[in-house]
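A.B. asks: For reference, the structure I am asking about is given below.
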Amino acid sequence: MTKMTVRDVDVAGKRVLVRVDFNVPQDIKTGEITDDSRIRASLPTINYLIERGARVILISHLGRPDGKVVDEFRLTGVAQRLSQILGQQVGVATDCIGPEVEKSVAALNNGHVLLLENLRFHPDEETGSLIFAKALARLGDIFVNDAFGTSHRAHASISGIAKFLPAVAGFLLEKEITFLGHVLENPARPFAALIGGAKISDKVKMLDRMSTKVDYLLVGGGMAATFFKAQGYEIGKSKFEGDRIDAANGLLKKATQNGFKLLLPVDVMVADAIDAGARTMIVPVNSIPVDKMIVDIGPQTTGIFSATLQNCRTVFWNGPMGVYELQPFAGGTQALARQLAGLQATTIIGGGSTAEVVQGMNLADKMTFVSTGGGASLSFVSGEKLPGVEALMDKK
Ligand code: 3PG
Ligand code: MG
């Protein structure tokens, strides 16, 4: 990475303001944190700072409270979980800026950790206000960005603070950029990208970029319907994107010209409705009944995709193969997750719902790398510059 990291600055006794992404999923009813991977992923940076006697001030958002104080998005539960994991009491401030918070920061001892309240309780965070960024910057001597998952946002706490403090990358940010960058720049071949999810429109840029890098592009999920439409198949009641048929055709054409193989499903599971109790059947893609919709890839497709991945030395996966939230339609996604977990290959999992699947199946430690960023990893592999990375100091 060309950016300076926390290793390049002296942190002992300093107030180190660390932007983390503690935007963790919570149970809607109980508020219980259902997956703490993002908290755990920030530990290397936090522990490093504690060990070196820094005064650690953590800042994060949680959810989308829209610039207002919303109790269910308070960071108290996160502080509790972090305290348990660290084995050290982590205090929570009542806000993230202002004289009270400045007092709490001033009282912080070397090697201790304070978590400030949700940044998004202030509307100025998301607008990227430099006044707000400056108020945050007053709290620290050094700024560390370890919030890879939010680094595609030009928010005050992501790119703004870097205008007022020496700004370096944390270990998680460094790891994300290194793994995701490596897969695109220097993959061991054959290299396959397995791409799914509901819409092509979300992923056009990534598909385009991947198509110049991969040996195999495997496409499943809702977006496959638009490809079928482009090929002239009946897709029944499946959703497709009429304005993306050209994009699908473009990729089909590129596959023949650029010499990579584009694999689409050959069979699919269809259902009467998106409902776990709906009747389902498996059909070839050229025989989708008019009154049914695609909900998963079929077993023959799973077999072909698995066999292709089996020969690959690098696999990047982003997006489920079907409506995986409903168990009867999760078969294709889960079968391929297990397949990836068993490969003797570099396996890189995009964040968001793909990471959720892998975490939910307890397969994360069987993969080479699982990104903590959904939108951020998508942006990064699409070739976009991330504001949170750009803002950091360059290595000399
Ligand atoms: C995420 O989970 O996508 C990140 O924490 C960023 O959150 P946002 O999508 O609400 O900006
Ligand atoms: Mg997001």
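Bear in mind these aren't lab numbers, they're just calculated from the coordinates by the rules spelled out. Note that the coordinates shown come from a computational prediction; the quantities given were computed from them, not determined experimentally. Please note: Cβ atoms are built from the backbone with ideal geometry, for glycine as well, and neighbour counts cover all protein chains shown.
A.B. asks: D for the range 129-238, whole µm²/s, Stokes-Einstein with Kirkwood Rh over alpha-carbon pairs at 25 °C and 0.890 mPa s: what number? Working shown, then result.
C.D. replies: Numbers: Rh = 17.2 Å.
Taking Rh from Cα pairs, D becomes 143 µm²/s.
A.B. asks: Just for the Cα atoms in the range 83-170, what are the lengths along the principal axes, largest first, rounded to whole Å?
C.D. replies: So the three principal-axis extents are 34, 27, 24 Å.
A.B. asks: Here's something else I'd like to know. Before anything else, pin down the relative contact order of the range 140-245: Cα pairs under 8 Å, at least 6 apart, normalised by residue count, whole percent.
C.D. replies: Details: 110 pairs, mean separation 22.3, N = 106.
Contact order relative to length: 21 percent.
A.B. asks: Here's a follow-up. Amide H of Thr5 versus every other amide H placed in the peptide plane: which residues, excluding those fewer than 5 positions away on the same chain, fall under 5 Å?
C.D. replies: Ala169
A.B. asks: Beyond 13 Å, what percent of the Cα pairs of the range 234-304 remain? Mind dumping the intermediate values first?
C.D. replies: Values: 1709 of 2485 pairs.
More than 13 Å apart: 69 percent of the Cα pairs in the range 234-304.
A.B. asks: Only Cα pairs within less than 10 Å get springs; with that Gaussian network setup on the chain, which residue of Ala162, Ala12, Ala133 has the largest fluctuation?
C.D. replies: Looking only at Ala162, Ala12, Ala133, the biggest GNM fluctuation is shown by Ala12.
A.B. asks: Counting only helical runs of four or more DSSP H residues, what would the 222 nm mean residue ellipticity of the chain come to if each run contributes -39,500 (n - 2.57) and the total is spread over all its residues? Each step should come with its number before you reach the end.
C.D. replies: Values: 15 runs with 132 residues, N = 396.
Rounded to the nearest 500, it is -9500 deg cm²/dmol.
A.B. asks: Another question, if that's okay. Where the eigenvalues come from the Cα gyration tensor of the range 258-396, what are the semi-axes √(5λ) of the equivalent ellipsoid, largest first, in whole Å?
C.D. replies: Working: eigenvalues 193, 60, 48 Å².
Equivalent ellipsoid semi-axes, largest first: 31, 17, 15 Å.
A.B. asks: Let me ask something additional. Pop the C-beta distance of Arg189 and Ile131 into the FRET formula with R0 = 45 Å and round what comes out to the nearest 0.05.
C.D. replies: After rounding to 0.05, the efficiency reads 0.35.
A.B. asks: For a protection proxy built on the mean count of beta-carbon atoms within 10 angstrom, sort 166-173, 188-195, 304-311 highest first, please. Please list the in-between numbers first.
C.D. replies: Values: 166-173: 24.4, 188-195: 21.8, 304-311: 16.6.
Highest to lowest by the protection proxy: 166-173, 188-195, 304-311.
A.B. asks: Long-range amide H contacts for Leu263: which residues qualify at under 5 Å (H placed 1.01 Å from N, peptide plane, sequence gap of 5 or more or a different chain)?
C.D. replies: Correct list: Leu217, Leu218, Val219.
A.B. asks: Now for a different question. Of all DSSP beta bridges in the chain, what percent run antiparallel (nearest 5)? Can you show the working numbers first?
C.D. replies: On the way: 11 of 47 bridges.
Percent antiparallel among DSSP bridges in the chain is about 25.
A.B. asks: Among all the lysines, which ones have a C-alpha under 23 Å from Lys134's C-alpha, if same-chain residues fewer than 8 places away are not counted?
C.D. replies: Those lysines meeting the cut-off are Lys3, Lys14, Lys68, Lys103, Lys163.
A.B. asks: How many nm separate the modelled label positions at Arg40 and Thr178, each set 7 Å beyond the Cα in the direction of the Cβ?
C.D. replies: In this crude spin-label approximation the distance works out to 2.0 nm.
A.B. asks: Based on the alpha-carbon set only, what is the convex hull volume of the range 184-244 divided per residue, in Å³? The partial results should precede the final answer.
C.D. replies: Values: hull volume 5.1 nm³, N = 61.
Expressed per residue, the convex hull around the Cα atoms of the range 184-244 is 83 Å³.
A.B. asks: Computed FRET efficiency, Cβ-Cβ of Gln257 and Ala307, R0 41 Å: what is it to the nearest 0.05? Provide the component values of the computation, followed by the final result.
C.D. replies: Details: r = 25 Å, r/R0 = 0.60.
The formula returns an efficiency of 0.95 here.
A.B. asks: Sort the following peptides by mean Cβ neighbour count (other Cβ atoms within 10 Å, averaged over residues), highest first: 150-158, 266-274, 362-370, 344-352. Intermediate results must be reported in sequence, preceding the final value.
C.D. replies: Working: 150-158: 25.4, 266-274: 20.2, 362-370: 16.0, 344-352: 21.9.
Going from most to least packed, we get 150-158, 344-352, 266-274, 362-370.
A.B. asks: Rounded to whole Hz and in sequence order, give me ³J(HN,Hα) for the range 177-186 from the Karplus expression 6.51 cos²θ - 1.76 cosθ + 1.60, θ = phi - 60°, writing x for Gly and Pro.
C.D. replies: Result, rounded to whole Hz: 5, 5, 5, 5, x, 4, 4, 8, 7, 9.
A.B. asks: What distance in nm separates the two pseudo spin-label positions at Ala276 and Lys395, each 7 Å out from Cα along the beta-carbon direction?
C.D. replies: Distance between the two pseudo-spin positions: 4.9 nm.
A.B. asks: While we're on this one: Which of Asp27, Asp296, Asp66 moves the most in a Gaussian network model of the chain with Cα springs under 10 Å?
C.D. replies: The residue that fluctuates most here is Asp27.
A.B. asks: Give me the Kirkwood hydrodynamic radius of the range 273-312 in Å, from all C-alpha pairs, to one decimal place? Kindly include the intermediate steps, with their values, before the conclusion.
C.D. replies: Values: mean 1/r = 0.0843 Å⁻¹.
So the Kirkwood estimate lands at 11.9 Å.
A.B. asks: Also: Once you have the alpha carbon radius of gyration of the chain, what is it after dividing by 2.2 N^0.38 Å, with N set to its residue count?
C.D. replies: Numbers: Rg = 22.6 Å, N = 396, 2.2 N^0.38 = 21.4 Å.
That ratio works out to 1.06.
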